[in-house]
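Novice: Once you've had a glance at the structure underneath, I'll fire off some questions.
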Amino acid sequence: MPIALDYRSISSQTICEEAEKLWLQVDIVSKENNLFYISSPTKKILFKSTDFGGNSALWYKIADNKEITGILLSRHNIATPKSVTISALQYDKNSLDKQTQGLSFPLVAKPIDEAHGNGVMMSIDSTQELKSVLDKLLGSYDSIIIQEQIQGDEVRVLVVRWQVILAKNRIPAHIVGDGTHTIQDLIAKKNDNPIRGKWYDKPLAEIDIDAKLHRFLKKQGLDIDAIPDKWTYIQLRGTSNLWTGGSMQDVTDTLCDDIKDTCIHVADIFWLDICGIDIISPDISVPFEKNGWVILEVNATPSIAWDRELSNTNSAKKTLELLFFSS
């Protein structure tokens with residue numbers, strides 16, 4: 001693949017490549033800012049990464065704030081995880097139980113305005129652990145949202161112009177035991193896969209052995225030198241981002257109409273011509289009333305990096321076809 005526009009712009013690069021294949025003209029305005037025009041003989045559209053100007057500026061800001069997103073989704077009777085927000089100014093260790101009253105462990109803590117899984121701490125099992133997490137996070141962020149941790153698959157649903165283009169199950173970093181090698185050895189073996197690299201330069205990222213990974217293993221009574229039994233599935237992180245060593249599976253054909261319709265409705269509520277909607281569901285093939293899936297986040301500039309390589313859908317091509325060749 002050609003060199004990307006910058007280290008975060010694989011989506012932009014992919015759109016430009018697919019535009020040229022469709023005989024559309026590409027005019028890069030600013031590589032550093034992921035800004036470029038794509039033109040046909042009858043239409044010219046300015047892109048900034050995956051945003052092609054159809055998203056409301058107000059709702060873009062709202063989607064960037066996880067707390068407000070949750071409030072507004074609830075106003076429209078759309079299920080979200082039960083949550084509270086604690087700011088650095090409000091934080092009081094002695095009243096934390098009162099502030100989080102009504103939430104059940106395990107919990108998730110995350111900044112209200114971050115992306116790529118940055119700052120997310122999962123599987124918090126006690127008030128004491130929550131205090132420790134907040135002490136750390138509120139040293140870097142002004143506000144932290146605390147949510148009940150919902151069990152199920154995390155699925156990103158890409159909606160473009162009120163059509164579901166792709167649904168991808170984002171699978172957290174993991175290894176499978178062979179009864180012989182340590183977890184560290186199995187991670188190294190998995191990282192040898194040629195499609196894994198550092199951050200954004202390959203379809204999947206290498207699995208880093210860091211403090212979060214050690215913490216996640218410890219909660220399972222494991223350490224990096226443990227030798228898992230053959231066929232034992234060991235999850236290594238709570239977050240499922242590709243950039244933290246996760247992987248993905250195309251589940252578009254499995255997604256039930258109820259979830260599709262709800263995601264399109266959310267895009268309409270938020271005035272977003274393109275968005276990525278993150279849901280958690282035990283079974284995406286059945287309607288809400290049968291399994292209780294929830295919406296976690298709404299992303300106004302969803303990454304489509306490596307979709308064409310890792311799924312059955314070329315998101316960039318499909319988006320361009322909708323913009324330039326659909327009535």
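The values are calculated or read from the model by the stated rules, or taken from the named source; none is laboratory data. These numbers come from a predicted model, not from an experiment. Positions of Cβ are generated from backbone atoms using ideal geometry, with glycine treated the same way; all protein chains shown enter the neighbour counts.
Novice: What residue, of 70, 139, is crowded, with 18+ Cβ neighbours inside 10 Å, on the phi < 0 side of the Ramachandran plot and among the small types (Gly, Ala, Ser)? It would help to see each step written out before you state the result.
Specialist: Details: 139 fails: crowded, with 18+ Cβ neighbours inside 10 Å.
Of the residues listed, the single one that is crowded, with 18+ Cβ neighbours inside 10 Å, on the phi < 0 side of the Ramachandran plot and among the small types (Gly, Ala, Ser) is 70.
Novice: Additional query: Among the listed residues 278, 253, 283, which satisfies the condition of being in a loop (DSSP other than H, G, I, E, B) and within 17 Å of residue 150 (Cβ to Cβ)?
Specialist: Answer to the selection: 283.
Novice: Here's something else I'd like to know. Run down 113, 97 and say which single residue is at pLDDT below 95 and within 26 Å of residue 203 (Cα to Cα).
Specialist: Among 113, 97, only 113 is at pLDDT below 95 and within 26 Å of residue 203 (Cα to Cα).
Novice: While we're here: For residues that are within 10 Å of residue 184 (Cβ to Cβ) and loosely packed, with under 14 Cβ neighbours inside 10 Å, tally how many sit in the range 207-223.
Specialist: Within the range 207-223, residues that are within 10 Å of residue 184 (Cβ to Cβ) and loosely packed, with under 14 Cβ neighbours inside 10 Å number 1.
Novice: Another question, then. Assuming residue 307 fulfils every condition listed in (1) touching a Phe, Trp or Tyr at 6+ places or on another chain (Cβ under 8 Å); (2) within 14 Å of residue 169 (Cα to Cα) apart from one, which condition is it?
Specialist: The number of the failed condition is (1).
Novice: With the structure loaded, tell me whether residue 208 is touching a His at 6+ places or on another chain (Cβ under 8 Å) and either of a type in the set (Val, Ile, Thr) or part of a loop (DSSP other than H, G, I, E, B) (or both) or whether it fails that test.
Specialist: The answer is no for residue 208.
Novice: Let me ask you something else. Could you check the range 301-319 and list, in sequence order, the residues that are of a type outside the set (S, T, N, Q) and crowded, with 23+ Cβ neighbours inside 10 Å?
Specialist: Kept after step one, since they are of a type outside the set (S, T, N, Q), are these residues of the range 301-319: 302, 304-310, 316-318.
Answer for the range 301-319, where residues must be of a type outside the set (S, T, N, Q) and crowded, with 23+ Cβ neighbours inside 10 Å: 302, 304, 305, 307, 316.
Novice: Here's another thing I want to ask about it. Filter the range 306-327 for residues that are hydroxyl-bearing (Ser, Thr, Tyr) and not in a loop (DSSP other than H, G, I, E, B) and give the result.
Specialist: Listed by number, the residues that qualify are 315, 319.
Novice: A further question on this structure: In the set 144, 165, which member is surrounded by 16 or more Cβ atoms within 10 Å (Cβ to Cβ) and closer than 25 Å to residue 104 by Cα?
Specialist: Working: 165 fails: closer than 25 Å to residue 104 by Cα.
The match here is 144.
Novice: Can you tell me which residue is nearest to residue 16 (Cα to Cα) among those in the range 34-54 that are charged (D, E, K, R) and touching a residue at least 24 places away in the same chain (Cβ under 8 Å)?
Specialist: Ranking the qualifying residues of the range 34-54, first place goes to 48.
Novice: In addition: Which residues, counting only those in the range 122-147, are part of a loop (DSSP other than H, G, I, E, B) and free of Cβ contacts under 8 Å to residues at least 60 places away in the same chain?
Specialist: 126, 138, 139, 140, 141, 142
Novice: Let me ask something else about it. If we keep just the residues of the range 62-121 that are among the basic types (Lys, Arg) and in a helix (DSSP H, G or I), which is nearest to the chain's Cα centre (by Cα)? Explain how you work it out, then say what you get.
Specialist: Our first condition is that a residue be among the basic types (Lys, Arg); within the range 62-121, this holds for 66, 75, 82, 93, 98, 110.
Add one more test, that the residue is in a helix (DSSP H, G or I), and what stays is 66, 75, 93, 98.
On the way: 66: 13, 75: 23, 93: 30, 98: 30 Å.
Across the range 62-121, the extreme among qualifying residues is 66.
Novice: May I ask you to list the residues in the range 271-294 that are surrounded by fewer than 23 Cβ atoms within 10 Å (Cβ to Cβ), within 18 Å of the chain's Cα centre (by Cα) and closer than 16 Å to residue 77 by Cα?
Specialist: If the condition is that a residue be surrounded by fewer than 23 Cβ atoms within 10 Å (Cβ to Cβ), within 18 Å of the chain's Cα centre (by Cα) and closer than 16 Å to residue 77 by Cα, then 294 is the only one that fits.
Novice: Can you tell me how many residues within the range 211-261 are in contact with an Asp or Glu (Cβ under 7 Å, 6 or more places away or on another chain) and β-branched (Val, Ile, Thr)?
Specialist: Of the residues in that region, 0 qualify.
Novice: OK, next. Can you confirm whether residue 202 is surrounded by 15 or more Cβ atoms within 10 Å (Cβ to Cβ) and either in contact with a helix residue (DSSP H, G or I) (Cβ under 7 Å, 6 or more places away or on another chain) or not in a strand (DSSP E or B) (or both)?
Specialist: On the way: surrounded by 15 or more Cβ atoms within 10 Å (Cβ to Cβ): yes; either in contact with a helix residue (DSSP H, G or I) (Cβ under 7 Å, 6 or more places away or on another chain) or not in a strand (DSSP E or B) (or both): yes.
In short, yes.
Novice: Then there's this: With respect to residue 150, determine if the residue is at pLDDT 95 or above and either part of a loop (DSSP other than H, G, I, E, B) or closer than 25 Å to residue 268 by Cβ (or both).
Specialist: So residue 150 fails the test.
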